[in-house]
Amino acid sequence: MSNLAEKAAAAAGWRLLWLGLLMALGMGYLVFVLYGIQIRDTRTYASAQEMHTFRRVRLPATRGRILDCRGRVVADNRPSFCISLYIEEMREPGPWSNTVNRVDGMIDKLSQFLDSPRIVDRDGIWAHIYRRRAIPLVAFDGLCDRAVARFSENAGKFPGADISVRAERVYPYGDSACHVIGYVGKGQPGGETGEPDGEEEEDFDFLLPDLAGRSGVEKSCDKELAGMCGGELIQINVVGYKHKSVIGQEPVPGKDVRLTLDMRIQNAAEAALGNERGAVVVMNCRTGELLALASAPRYDLSLFTPSLHASDWKALLDNPNRPLYSRAAAGVYPPGSVFKPVVAMSVLSHGGVDPHQLYDCTGFVMVGGRRIRCAHRHGHGHPLDMAGALAESCNPYFIELARGIGWEPYIRADAEALGLGAAPEVEIFAAAGVLPSEEWKRRRFGEGWRGGDTANVAIGQGFLAATPLQVAVFTSAIANGGNVLRPRLVLHDGETPGAAAANVIRHMNWKSGDLKIVHKGMFDAVNTASGTGRRAYIPEVSVAGKTGTAEYMDGGEKKKNAWMIAFAPYEDPEYAFVTMVEDSDAGGMSAALVLKEVLKSVYVPDYAPGPELKHTDAEEDFAAFSGDADVMEDAPESPRFDAYVENMDASEEEGAGGTDADVADAVEGDVGE
Amino acid sequence: MNRVFPRFRNFERRGQKMPRVNWMIAVCMAGLLTFGVLFIKSATSIRTDSVHYIYLEMMFKWIPLGLAAHIFIAAVDYRKWLRFSLIPYAGGVLLLVLVLLFGTKLMGARRWIFGVQPSEFMKLAVIPAAAFILANFSDVRGSARFAVILGIFGIPALLVAIQPDLGSAMAFVPACAAMLYVSGCSKTLFRTMMTLGIFMVTVFFSAILLPEHLPEGKREAVEEAVDKFIFPHWRKRVEVFVFPDRDPLGAGWNKRQSEIAVGSGGRFGKGYLKGTQNILGFLPRSVSSTDFIFSVIGEETGFVGSCSLILLFCGLLGGIVATGYVCRDPAGRLICTGTAALLFMHIFVNMAMTVGKMPITGIPLPLVSYGGSFTVAIMSLLGLVQSVSIHGSESTPGGGQSLTKGT
């Protein structure tokens, strides 16, 4: 036994020695390899090091363009030249301050030589060395051709400096559709969303930040537009002369993004709005494509390239008209009478009301001891059926309708189904608005729903608030027979404008007979002498519409927003229109006139927006229309109403605040550089 | 029987004999640690941030800690330790599970928990556990022991592999194979496993490299299928190893630059703190003090310095193998076998990778690379070997002792 164990132990000892021999062989192999590269071929490696200093250059991908549905370019790229300093190649022995001195001197020399002002000061150099030394310092940006030529001829005089090109965004249409396109800023390595990758920055000695979308479609389609950066190895010698360059990876240019917008219509809409604060939405009511999504006032997108100046940013933020604010999608307003078709459809679909029964408006209606007036202070002069009430925008009629059936659940549920109270899923930031309910009011104000509240929301006032885009969605649904569509701003590959795949969110269960009544009322509003929307009439196409004049309180002052919705052609609706002008006269005036221009741009072949669009009609018309307001006699005095207006302002702020905060971040970064 | 398992004999003899410390291991370990501190300082000398001072952290925190562990472990008979060897093993497995669940994610892999990498401690814990089982269950059938040992190594290897840290997981393989080989259990099974292992490695490489030669249409499908089983960064590393021109900017860059660094070192090197590849930042900064420290050593000390380093490693490995040879106790011998195989694997893979003869893996150079948990783990393991040397050689024949002291 002992002998056996002894034998086994000896055998194990031998096996261990065999292993030891194997390891010795491995170590011998390492020595052999080291001999090969450190003694035999050391010259090759040493010269490889001396001769071929490589720069790893990141080749930014060209950002995709943004086109409108007809292929017109709305956002393009142009080259911008800059001079970058490779700090690592300019490293001086000793403390970093020596290197900073050298870089500082070099920038001074270059500034004189190129006759360009310095954009980087000494502190900037220090900051760069601390923060991102591996990346070259961009010392001059946006150089003119002369400076570029001068530098190229004398590049040898400035070792460590090199010229580079980067793309800059240009906007052929100026500020047009700026809220849809959105602006760009400098992206961060590793992307905006993902945590910065520790290794990413080390992968390149030269890294120009790509442009990254900060708002609008530039942001939502950033992935498609951005493409993939490539990389290049450049061999340089001590004086910075490039021996050869090896493309490691070709950059993949970003894809173009096609918008559903038609710049012809968009431009007309913007021209029609002029200097007023307002919004226009044109939506294809069969597909959901948005042909125009205009907000006014606008801002100049080119302010943001190459980077936004702090003072410009402050001016944009401080502007009382708030040009950064995308009114069409993020502006929340009481819709006023343009909400009446929704009430009409809801009441009709739930039955119990004869739309042909005549109603004699006395000019006001009593609700809970309050007197709510009709636009026609002394009545319409003749009894109205439902179509007539829509055409002449009779408040008491709709208040009576709504009181009959009640706000909840029927009308509110239908309004919710039509997209009110929830932000529409569109490719830019959109607000949700307010669709009040008893529960909402209790939470918000601690009191129950009253008859007056129903009366208010029945005519699109009170707590109800919606964005022009939401209004366009329900207008489309009424026009197309009940399909609630997802509004779209981007065409996918292979889609033809006007025939894009419709994304039907839900189908309203409406009877065609009921729809006819509402359509008829809206047709009469534009096409009869007593219709409130008659000012939008154009002979080229049959239009059905509805005006609205919504009152709101602004700092204790009573103001009115003018609305008009429409669809055309009446017989077979293709487009839905929404126009809204803030702080204006009446829906039948300014909003109708804006709508008229937009209609012309769609249906008049050689239409060119005229210089003078507004108030071409004589002053007396104004007097006739000023009575069109959906007046609630004692509403302004109601403390609840004031509270509500504050609330509305708050929700507006929320909407705009979201985008503004983004902007602030982006700009802070830009200013820092 | 007593000669094979001499338990606690040394206890009565402790006063009579000088402890048989293996001075070879001690000297080489000290030399390698010195190398490490010096060149961690060099590799980080151009950093201006806190990384500049990690050599001090090494000097005053991790090495003293490792040394304390080393001495403490060496002072006590390894057979005592072995009786508890399954406790740290189980603890290590638990930590590996915890790290998968709650670990800190760094560069795409969950490896850290409580400021340490449990995978490094696992390497320490698995060898005594395997030695304990192999030696103490000698009456169990060979194939059963074989399976148990595969399990002992397999569980932590698998847990490390899904972190994912395939490189560290691979480090378990040679130690496992060496211990099975030396223990001599079930030769047929061992040969089968080796064949299977070689077969698997062949499949692995061909799965990555062969789809190249397929026609266009089929190629994508095959590559996609392969990517489901292999981490994409591994495919990249193997590809870069075989075709360095494919990705001269990314993974090919590290390989090329570390090769240039070592090669340009020449006979005597550029001098301490004068390695231009490192100073100019051509060596990847994040790894020049860890996985790629040998390229800094190669550049600054040249062939002479590199060979001195290899000599130190040879001395260390030789000392461990000699200790194992003279120790007649299977458990002690297996500890030495496992330790030597583990160290050799790290040294060889790391150096070969630095000079471009192996795909790049995240395997550090033992005792030289910067890394707290790993250094402490390796020093503790060497402490166990030292304990084998001190306490395990009572029963050895005289010839063995001279070998210990002589080489």
Only one residue in A:375, A:389 is at pLDDT 85 or above and hydrophobic (A, V, I, L, M, F, W, C), so which one is that? A:389
How about segment B:170-211: which of its residues are closer than 25 Å to residue A:15 by Cα, part of a helix (DSSP H, G or I), free of Cβ contacts under 8 Å to residues at least 40 places away in the same chain and among the small types (Gly, Ala, Ser)? B:197
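Yes/no matrix, rows are residues, columns are (1) within 18 Å of the chain's Cα centre (by Cα); (2) surrounded by fewer than 23 Cβ atoms within 10 Å (Cβ to Cβ); (3) at pLDDT below 95:
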position	(1), (2), (3)
B:337	yes, no, yes
B:353	yes, no, yes
B:366	yes, no, yes
B:387	no, no, yes
B:407	no, yes, yes
Would you mind listing the helices (runs of 4 or more DSSP H) fully within segment A:242-339 where at least 1 residues are open to solvent by 50 Å² or more (accessible area, probe 1.4 Å) and either touching a helix residue (DSSP H, G or I) at 6+ places or on another chain (Cβ under 6 Å) or closer than 28 Å to residue A:71 by Cα (or both)? A:263-273, A:310-318
Check A:36, A:26 and return the single one that is farther than 30 Å from residue B:336 by Cα, in a helix (DSSP H, G or I) and at pLDDT 85 or above. A:36
For a quick check of your reading of the model, give me the residue pairs whose first member lies in segment A:536-550 and is at negative phi and open to solvent by less than 10 Å² (accessible area, probe 1.4 Å), whose second is outside any loop (DSSP other than H, G, I, E, B) and of a type in the set (Val, Ile, Thr), with beta-carbon atoms closer than 6 Å and at least 6 apart or on different chains. A:536/A:526; A:543/A:526; A:545/A:526; A:546/A:338; A:546/A:565; A:548/A:338
Would you confirm, using the coordinates I've provided, whether residue B:131 is of a type outside the set (D, E, K, R), touching a Phe, Trp or Tyr at 6+ places or on another chain (Cβ under 6 Å) and at pLDDT 80 or above? no
If I filter segment B:186-205 down to residues being farther than 22 Å from residue B:171 by Cβ and within 14 Å of chain A (Cβ to nearest Cβ), which single residue comes out as most open to solvent (accessible area, probe 1.4 Å)? B:191
Only one of (1) facing chain A (nearest Cβ under 10 Å); (2) surrounded by 24 or more Cβ atoms within 10 Å (Cβ to Cβ) is not met by residue B:357, so which one is it? (2)
Return the total of residues in segment A:395-438 being in contact with a strand residue (DSSP E or B) (Cβ under 8 Å, 6 or more places away or on another chain) and of a type in the set (Gly, Ala, Ser). 4
Residue ranges of strands (runs of 3 or more DSSP E) in segment A:133-211 with at least 3 members surrounded by 18 or more Cβ atoms within 10 Å (Cβ to Cβ) and at pLDDT 55 or above: A:137-143, A:161-170
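Here's the yes/no breakdown for (1) surrounded by fewer than 18 Cβ atoms within 10 Å (Cβ to Cβ); (2) modelled with pLDDT of 90 or more:
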{"residue": "B:244", "(1), (2)": "yes, no"}
{"residue": "B:251", "(1), (2)": "no, no"}
{"residue": "B:260", "(1), (2)": "no, no"}
{"residue": "B:289", "(1), (2)": "no, no"}
{"residue": "B:316", "(1), (2)": "no, yes"}
When you check residue A:449 against the structure, is it modelled with pLDDT under 90, over 26 Å from residue A:331 (Cβ atoms) and either in contact with a Phe, Trp or Tyr (Cβ under 6 Å, 6 or more places away or on another chain) or of a type in the set (A, V, I, L, M, F, W, C) (or both), yes or no? yes
Across segment A:46-72, which residue is modelled with the lowest pLDDT among those that are in contact with an Asp or Glu (Cβ under 7 Å, 6 or more places away or on another chain) and not hydrophobic (A, V, I, L, M, F, W, C)? A:55
Any idea which residue in segment B:318-329 is surrounded by the fewest Cβ atoms within 10 Å (Cβ to Cβ), counting only those that are within 7 Å of chain A (Cβ to nearest Cβ) and in contact with a Leu (Cβ under 7 Å, 6 or more places away or on another chain)? B:325
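The values are calculated or read from the model by the stated rules, or taken from the named source; none is laboratory data. Computed from a predicted model, the values in this text were never measured in an experiment. Please note: Cβ atoms are built from the backbone with ideal geometry, for glycine as well, and neighbour counts cover all protein chains shown. These accessible areas exclude ligands, DNA and RNA; they are computed on the full protein's heavy atoms, side chains included. Shrake-Rupley method; radii C 1.70, N 1.55, O 1.52, S 1.80 Å.
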